[in-house]
1. Which of the residues that make up the stretch 23-58 are out of contact with any Pro (no Cβ under 9 Å at 6 or more places or on another chain), open to solvent by less than 50 Å² (accessible area, probe 1.4 Å), of a type outside the set (A, V, I, L, M) and assigned to a strand (DSSP E or B)?
2. Name the residues in the stretch 115-139 that are over 20 Å from the mean Cα position of the chain (by Cα) and outside any strand (DSSP E or B), would you?
3. Scan the stretch 59-96 for residues that are open to solvent by less than 40 Å² (accessible area, probe 1.4 Å), small (Gly, Ala, Ser) and assigned to a strand (DSSP E or B) and jot them down.
4. Return the residues of the stretch 97-112 that are part of a loop (DSSP other than H, G, I, E, B) and without any contact (Cβ under 8 Å) to a residue 40 or more places away in the chain; say none if nothing qualifies.
5. Testing Ala130 on (1) open to solvent by less than 80 Å² (accessible area, probe 1.4 Å); (2) at pLDDT 90 or above; (3) in contact with a strand residue (DSSP E or B) (Cβ under 7 Å, 6 or more places away or on another chain), one condition comes back false. Which one is that?
Amino acid sequence: MTMPGPISDDREVEELSASECWRLIESGGIGRLAVTHVDGGPDIFPLNYVAHQGKLYVRSGAGRKLRSVRDHPAVALEVDGEEEGFYWSVVVRGSAALTEVDSEILASGARHLISDDPEHKPHVVRIQPATVTGRRFARRSPADAGRPVPRSIPHRADAPGRPKPIPHFPPAWER
């Protein structure tokens, strides 16, 4: 495992490679699933997951989460953590579907997911990623508490001072 060197003052946030994102996803196990609720609004669920062969698997009861996935399969799963003086965050965007294939469920390890939620979770949902993005940034020390956090980070030499766009939604000047 290779950890990045110190982040310099002019580079507050490090964009992570896909392989590094997957390493972090596979080391996790708890994330937040964002779905479109049946009423059209957003909803989010903390849950545990397992990664297997480039897909993510979660267990669900028959409630809101499963209904939302059935009606609106586009989802996002956010996983975050910290290691060796850095915080990181990875977002997986893709489509979710109920899987009932016993061999897939067994191979994925989803049967071993245990939730603290007392609701019975007999259903397994597979998330097929379309994009995986991540960022890592240095943990700020208490001495940094009074210093302002940079509001923008240049992302191109020809556009100084412009914020770096979120990978999935290009800013207006790039549309």
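1. Scanning the stretch 23-58 gives Asp43, Phe45, Asn48, His52, Tyr57.
2. If the condition is that a residue be over 20 Å from the mean Cα position of the chain (by Cα) and outside any strand (DSSP E or B), then Asp116, Asp117, Pro118, Glu119, His120, Lys121, Pro122 are the ones that fit.
3. Hits for the stretch 59-96 are Ser60, Ala76, Gly81, Ser89, Gly94, Ala96.
4. If the condition is that a residue be part of a loop (DSSP other than H, G, I, E, B) and without any contact (Cβ under 8 Å) to a residue 40 or more places away in the chain, then Glu100, Val101 are the ones that fit.
5. The failed condition is (1).
The values are calculated or read from the model by the stated rules, or taken from the named source; none is laboratory data. These figures come from a predicted structure and were not determined experimentally. Glycine gets a Cβ as well: all are built from the backbone with ideal geometry, and neighbour counts include every protein chain shown. Each accessible area value is taken on the protein alone, full model and side chains, heavy atoms only, with ligands, DNA and RNA left out. Shrake-Rupley method; radii C 1.70, N 1.55, O 1.52, S 1.80 Å.
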